[in-house]
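Trainee: Quick one: the structure is below, and I'll ask about it shortly.
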Amino acid sequence: MALMRITSPHAHGPLSTAMVMRTVLLATLPGIVALVHFFGFGVVVNILWACLVAVGCEALVLKLRKRPLGFYLNDASALVTATLLGIALPPYAPWWLIAVGVSFAIIIGKHLYGGMGYNPFNPAMLGYVVLLISFPLEMTTWGAPLGINQVGAPGLLTALQACFMPASVDIATMATPLDLLKQNDSLLIANLWTQQPVFGRWAGLGWEWVNIGFLAGGAWLLYKRIFTWHAPVTMLASLTLLAAIFYDSGSSASGGSPAFHLLSGGTMFAAFFIITDPVSSAVSNRGKLIYGAAIGALIYIIRVWGNYPDAVAFAVLLMNFVAPFIDHYTQPRTYGHSKGGGRSS
Amino acid sequence: MRKIYDIHGGIHPLENKHQSLQVSSTPAGIPPQLFYPLSQHIGAPAKAVVSVGQKVLKGELLAAADGFISVPIHASTSGVITAIEPRPVPHPSAMPAPCIVLDSDGLDTWIEHSGVEDYTQLERSALLQLIRDSGIAGMGGAGFPAAVKLGVNPERGRINTLLINGTECEPYITADDILMREQAEAIIAGIHILTHLVEPTEILLGIEDNKPEAIAALRAAAAGTAIDIVVFPTKYPSGGEKQLIEIVTGKQVPSGGLPADIGIVCQNVGTIYAIYRAVTYGEPLISRMTTVTGNAAAHPRNYEVLLGTPMSWLLDLAGYDAKRNQRLMMGGPMMGFTITDPSVPVVKTTNCLLAPTVEELPAPDPAQACIRCGMCAEACPASLLPQQMYWFAQGKEFEKLEAHNLFDCIECGACSYVCPSNIPLVQYYRAAKAEIVQMRNDHAKSEHSRTRFEARQERLDREAAEKEAQRATRKAAAEQRARDAAAGDGVEDPVQAAIARAKAKKAGQAEPAASADPAQAAIEKAKATRAASADLAPEDKARQDLQKLRERAEKSRARLTESREAGAQDKVIEALDASVLKLDEKIATAVAAMADQGWSENPQQAPADPAQAAIERALAKRAAQAAAPALSPREQLQKNLQSVEKSLQKATAKLAEAEQENSDKVEVLQQSVQKLTTKQSQVQAELTALED
């Protein structure tokens, strides 16, 4: 047998891109379980339908681009995009809404930019924003956090019906805690909490547990060293800081407590599953610190003073723009170089 | 306990060191034929000092160091030199390189040698020379001449720290480990020699914590000495010189600098052992410890190998199964390179021969797209951004690569190891580095050519300006002369002019002869020629030019025939042909121009001085007259009459002409006709009188 001629290194670590993607998928489970527990099976239908559409789009584009299907589908990156978008969309969203969002994310957000690794924007957030701008009504209709055991809570069948025959069922909806807080201009925070049933212990009923679920999944990913702590920690820190500054002791003009912001909407989901998308974020650790902190600040600003119900998607897309700029200024100090970039002495 | 510093990044690949540590090291024996590549180290290849057919003894010099950064090579056993020619060598390029081939006689007869009794009595330079003459190059893998490293220029500053590298962080390799276990005393003794040589203030021996036996052996041997055995956690690539320095001292070697810049000199334990053997026993570097391991080798272990031993010999000893092996490597799985020909020899840097099975080290998977996960940046011991550099390397953005400190990459392979997309990152960096180096060289070359071109252009411009200035001066002089001539009474005395010219020429010729400097003489001669030719009448000048053209044409023709006979290139012949044609054309034009002017091509043979000529002509006439037979008076008269009549006729004709033209010469001519008529009648009268 002829001996191979390859350059070093000859050994390779155990990790593969497909494994990274599958680990991320696995880590979304606690959050999904919490979502199902409070909002019913809508999210499961969302995710499954989104995955189906995503794989279909991915295969179509790969075929058009004349790439080997198996090799590229195997990396599971389309599934991650679809799952993240499926989680972000309101449960019981109509099928076409999901299809539009996912196909936009995969075809335009990912493949038109060159496919995996080449997209400057987070595809899931791109799909989300397109839907939010195009279909604001459908995108802001959230099911009530009734709890899966409650009477009248929609089951899996109802969820399927809501998705594929939207006209045939009527799902109980309710304004989200973030909306309520934003609209409030007369009540003290404490009064608001007692008057509105959607508020729970720290934040929205159910929402706090959903966020804790994603926090748990994120912590596991950190432990598995899928990403570094830098971006999530600074994002949560800057959000907390701004919430603390503008808490205003819970007055009617208060922007909400730090705990409320940390556990509301997509905060934890964004911190561990969206801004950690390596492709569209800053690369160096120092850059990630800046990137995360800026996203946290933008989330607070858009939530409290902006017009949209949640701010994650806009904050992330804005910072995707800035990421290359951050990269340019945050190159780490190389071994043997001084802090100024020259040689150390 | 000494403070241990952590380095950025690093990885923990499977160590796989236990396989080759089951048994102690064994000598590999004497193979029938040994090969010594002339280049086994960093620096200039050694120069062979033996000839084919020569008998050599073990330890005899085969090739001498060629320059400062070079090391000699010695025979590792006794035998006969059978060839000095290119042979396959262990090198990533897999290209053959010059080797000395030695057929061993099996006797293993040593050359006479002896160690230094007390090296402390030896001059520092003498000790360095001894290390140098013993052919010791860094045995950790790089192969840098040890004496050069140890004899570092004192101007760079004092060496404070002597650092011994016993890290051996590459998976599979155990050569240093086994050496430290088995030769701890010798290594410590070797460190003492180096201590004497560099006089450091601290002596450290860095070793990873995965070698407890070696640590124990060294601690025991070093008890009571100033040598500090520094143990630190196992992590690849802690054994890199720069990394080890940071781990044990917290300092970083400046980019592009040397450890000596921060007062540190670093040597591998294998090198220390070789120095010990050289100083204590006078043995040059002729053998080394080499690990033969991998699951395709049935008896993985460490061998004490004679340098030059073919790897196939070692593989046979280790029970190598070629069927189970797909890639053979010299060095470890992280930084080693593949060997395609197992007949290549073990050299000074061969620390390991790795023969893994396909399952053990499978062929790399195809690369996927980079998702910029940043694991490479986390693993990089140099704190680089491999994912960004990969991006730039793909786009050949060399400036950005350099701005991202590509050249600080030590090619440890940690980034490629962790890359989940299986991208061969190091390969990209190697290629980019090579390309940049090539570009730098090309740039330096073109810069050199540019300077040369500019210098030449300047010279040509200067020469052209000088010529122009001379031309202007000449022109001015010519004009001046013309003006002078016009200012004179119009008729220059040709005799005077000729005499003046001749004088000038003579003066011009006399002057250069007086000048001693040949260059000066040549210049003056040229000037004189030019001056002379400037003085030439246009007719003479044309003639001279024509002459020159003819000479040139002659020469060109001669050269053409010559090159035809010599079978020169068609191009050359064509060029010569063309030049001959051109010259012929020029000659023809010149001839035509002269004909137009009515100048004869052949100059009169008469001297240039017209006065002289006239005199001579007159003299000749007289002589001719004198030589003529004497005429009778009557005949004389008749002749006179004839000539007078002839003159009269001429004069009458001229008069008629003048009268017709109404010229002012009519009067003069009338007078002369009258005179002639008178003369005619006189002569006729005389003749009549005579006839009577």
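The values are calculated or read from the model by the stated rules, or taken from the named source; none is laboratory data. The shown structure was predicted, so the numbers you read here are calculated from the model rather than taken from an experiment. Cβ sites come from the backbone with ideal geometry, for glycine too, and all protein chains shown count toward neighbours.
Trainee: Is it the case, given these coordinates, that B:Gly143 is in contact with a strand residue (DSSP E or B) (Cβ under 9 Å, 6 or more places away or on another chain), closer than 30 Å to B:Gln427 by Cα and either part of a loop (DSSP other than H, G, I, E, B) or of a type in the set (D, E, K, R) (or both)?
Mentor: yes
Trainee: So if I check each of A:Leu73, A:Leu84, A:Leu3, A:Leu25, which one is farther than 30 Å from B:Pro90 by Cα, of a type outside the set (Gly, Ala, Ser) and within 14 Å of chain B (Cβ to nearest Cβ)?
Mentor: A:Leu73
Trainee: Could you tell me which of the residues B:Gln387, B:Gln394, B:Gln368, B:Gln326 is facing another protein chain (nearest Cβ under 9 Å), polar (S, T, N, Q) and under 30 Å from A:Gly336 (Cβ atoms)?
Mentor: Of the residues listed, the single one that is facing another protein chain (nearest Cβ under 9 Å), polar (S, T, N, Q) and under 30 Å from A:Gly336 (Cβ atoms) is B:Gln387.
Trainee: Restricting attention to region B:341-353, and to residues there that are surrounded by 23 or more Cβ atoms within 10 Å (Cβ to Cβ) and touching a Leu at 6+ places or on another chain (Cβ under 9 Å), which single residue is farthest from the other protein chains (Cβ to nearest Cβ)?
Mentor: Only one residue tops the list, namely B:Lys348.
Trainee: Return the only residue of B:Ile229, B:Ile178, B:Ile207 being closer than 17 Å to B:Met139 by Cα, modelled with pLDDT of 90 or more, assigned to a strand (DSSP E or B) and over 44 Å from the mean Cα position of the chain (by Cα).
Mentor: B:Ile207
Trainee: So, one more: Scan region A:277-324 for residues that are part of a helix (DSSP H, G or I) and either within 14 Å of another protein chain (Cβ to nearest Cβ) or in contact with a Cys (Cβ under 7 Å, 6 or more places away or on another chain) (or both) and jot them down.
Mentor: Answer for region A:277-324, where residues must be part of a helix (DSSP H, G or I) and either within 14 Å of another protein chain (Cβ to nearest Cβ) or in contact with a Cys (Cβ under 7 Å, 6 or more places away or on another chain) (or both): A:Asn285, A:Arg286, A:Gly287, A:Lys288, A:Leu289, A:Tyr291, A:Gly292, A:Asn320, A:Ala323, A:Pro324.
Trainee: Can you tell me which of B:Thr338, B:Thr291 is at pLDDT 90 or above and surrounded by fewer than 24 Cβ atoms within 10 Å (Cβ to Cβ)?
Mentor: B:Thr338
Trainee: Please go through (1) within 29 Å of A:Ala271 (Cβ to Cβ); (2) modelled with pLDDT of 70 or more for A:Pro197 and return the number of the only condition it doesn't satisfy.
Mentor: Looking at each condition in turn, A:Pro197 falls short on (2).
Trainee: Also, I was wondering about something else. Restricting the search to region B:225-270, which residues are hydroxyl-bearing (Ser, Thr, Tyr), surrounded by fewer than 21 Cβ atoms within 10 Å (Cβ to Cβ), in contact with an Asp or Glu (Cβ under 9 Å, 6 or more places away or on another chain) and away from chain A (no Cβ under 11 Å)? Write out each step before concluding.
Mentor: If we filter region B:225-270 for residues that are hydroxyl-bearing (Ser, Thr, Tyr), which is where we start, we get B:225, B:234, B:236, B:238, B:249, B:255.
From the residues that got through so far, the ones that are surrounded by fewer than 21 Cβ atoms within 10 Å (Cβ to Cβ) too are B:225, B:234, B:255.
Now drop any that are not in contact with an Asp or Glu (Cβ under 9 Å, 6 or more places away or on another chain), which leaves B:234, B:255.
Within region B:225-270, just B:Thr234 meets the criteria.
Residues checked against (1) of a type outside the set (Lys, Arg); (2) over 20 Å from B:Ile7 (Cβ atoms); (3) surrounded by 21 or more Cβ atoms within 10 Å (Cβ to Cβ):
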| position | (1), (2), (3) |
| --- | --- |
| B:Ala369 | yes, yes, no |
| B:Glu378 | yes, no, no |
| B:Leu384 | yes, no, yes |
| B:Gln387 | yes, no, yes |
| B:Glu397 | yes, yes, no |
| B:Ala414 | yes, no, yes |
| B:Ser421 | yes, yes, yes |
| B:Ala444 | yes, yes, no |
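Trainee: Continuing with this model, one more query. May I ask you to verify whether B:Leu361 is over 19 Å from B:Lys433 (Cβ atoms) and at the interface with chain A (Cβ under 10 Å from one of its Cβ atoms)?
Mentor: Yes, satisfied.
Trainee: Out of (1) of a type in the set (Asp, Glu); (2) at the interface with chain A (Cβ under 10 Å from one of its Cβ atoms); (3) exposed (fewer than 11 other Cβ atoms within 10 Å of the Cβ), what's the single condition that is false for B:Asp408?
Mentor: Condition not satisfied by B:Asp408: (3).
Trainee: Out of A:Ala162, A:Ala216, A:Ala237, A:Ala167, report the one residue that is modelled with pLDDT of 70 or more, surrounded by fewer than 22 Cβ atoms within 10 Å (Cβ to Cβ) and outside the structural domain of A:Ala282 (by TED's automatic domain parsing).
Mentor: A:Ala167
Trainee: If you don't mind, another one. Which ones in region A:238-259 are part of a helix (DSSP H, G or I) and out of contact with any helix residue (DSSP H, G or I) (no Cβ under 7 Å at 6 or more places or on another chain)?
Mentor: Just the residues of region A:238-259 that are part of a helix (DSSP H, G or I), to begin with: A:238-245, A:248-250, A:258-259.
Matches in region A:238-259: A:Leu241, A:Ile245, A:Asp248, A:Ser249, A:Ala259.
Trainee: Suppose the filter is touching a Gly at 6+ places or on another chain (Cβ under 6 Å) and under 28 Å from A:Ala271 (Cβ atoms); does A:Pro91 pass it?
Mentor: Here the answer is yes, as A:Pro91 does meet what is asked.
Trainee: For residues that are aliphatic (A, V, I, L, M) and within 12 Å of chain A (Cβ to nearest Cβ), scanning just region B:288-323, find the one that is nearest to the chain's Cα centre (by Cα).
Mentor: If we take residues in region B:288-323 being aliphatic (A, V, I, L, M) and within 12 Å of chain A (Cβ to nearest Cβ), then B:Met311 is nearest to the chain's Cα centre (by Cα).
Trainee: Kindly establish whether B:Leu194 is away from chain A (no Cβ under 14 Å) and buried (at least 24 other Cβ atoms within 10 Å of the Cβ). Write out each step before concluding.
Mentor: Numbers: away from chain A (no Cβ under 14 Å): yes; buried (at least 24 other Cβ atoms within 10 Å of the Cβ): yes.
Judged against the criteria, B:Leu194 is a match.
Trainee: Could you check region B:92-113 and list, in sequence order, the residues that are over 17 Å from B:Thr77 (Cα atoms) and either assigned to a loop (DSSP other than H, G, I, E, B) or not assigned by TED's automatic domain parsing to the domain that holds B:Gly336 (or both)?
Mentor: Once the filter is applied, which keeps residues that are over 17 Å from B:Thr77 (Cα atoms) and either assigned to a loop (DSSP other than H, G, I, E, B) or not assigned by TED's automatic domain parsing to the domain that holds B:Gly336 (or both), region B:92-113 yields B:Pro92, B:Ser93, B:Ala94, B:Met95.
Trainee: Just give me the residues in region A:249-263 being crowded, with 24+ Cβ neighbours inside 10 Å and either over 23 Å from A:Trp209 (Cβ atoms) or touching a strand residue (DSSP E or B) at 6+ places or on another chain (Cβ under 6 Å) (or both), in sequence order.
Mentor: Passing the criteria: none in range.
Trainee: Considering region B:338-386 alone, what residues qualify as being within 30 Å of B:Leu314 (Cβ to Cβ) and acidic (Asp, Glu)?
Mentor: Selection gives B:Asp341, B:Glu359, B:Glu360.
Trainee: Within region A:51-74, take every residue that is surrounded by fewer than 24 Cβ atoms within 10 Å (Cβ to Cβ) and among the charged types (D, E, K, R) and give me the one that is farthest from A:Ala124 (Cα to Cα).
Mentor: A:Lys66
Trainee: Listed residues A:Pro94, A:Pro90; which is more than 18 Å from the chain's Cα centre (by Cα) and more than 14 Å from chain B (Cβ to nearest Cβ)?
Mentor: Result of the check over A:Pro94, A:Pro90: A:Pro94.
Trainee: If B:Gly374 satisfies all but one of (1) touching a Pro at 6+ places or on another chain (Cβ under 7 Å); (2) assigned by TED's automatic domain parsing to the domain that holds B:Gly190, what's the number of the condition it fails?
Mentor: (2) is the only condition that B:Gly374 fails.
Trainee: Quick check, is B:Leu102 over 25 Å from the mean Cα position of the chain (by Cα) and surrounded by 18 or more Cβ atoms within 10 Å (Cβ to Cβ)?
Mentor: yes
Trainee: Let me ask something else about it. Tell me, which residue of region A:6-22 that is more than 8 Å from chain B (Cβ to nearest Cβ) and not hydrophobic (A, V, I, L, M, F, W, C) is nearest to B:Tyr428 (Cα to Cα)?
Mentor: A:Pro14
Trainee: Do the conditions hold for A:Leu187, that is, is it assigned to a loop (DSSP other than H, G, I, E, B), outside the structural domain of A:Val53 (by TED's automatic domain parsing) and either of a type in the set (Phe, Trp, Tyr) or in contact with a helix residue (DSSP H, G or I) (Cβ under 8 Å, 6 or more places away or on another chain) (or both)?
Mentor: yes
Trainee: Determine if region A:15-28 includes at least one residue that is without any contact (Cβ under 8 Å) to a residue 12 or more places away in the chain, buried (at least 17 other Cβ atoms within 10 Å of the Cβ) and either part of a helix (DSSP H, G or I) or not hydroxyl-bearing (Ser, Thr, Tyr) (or both).
Mentor: yes
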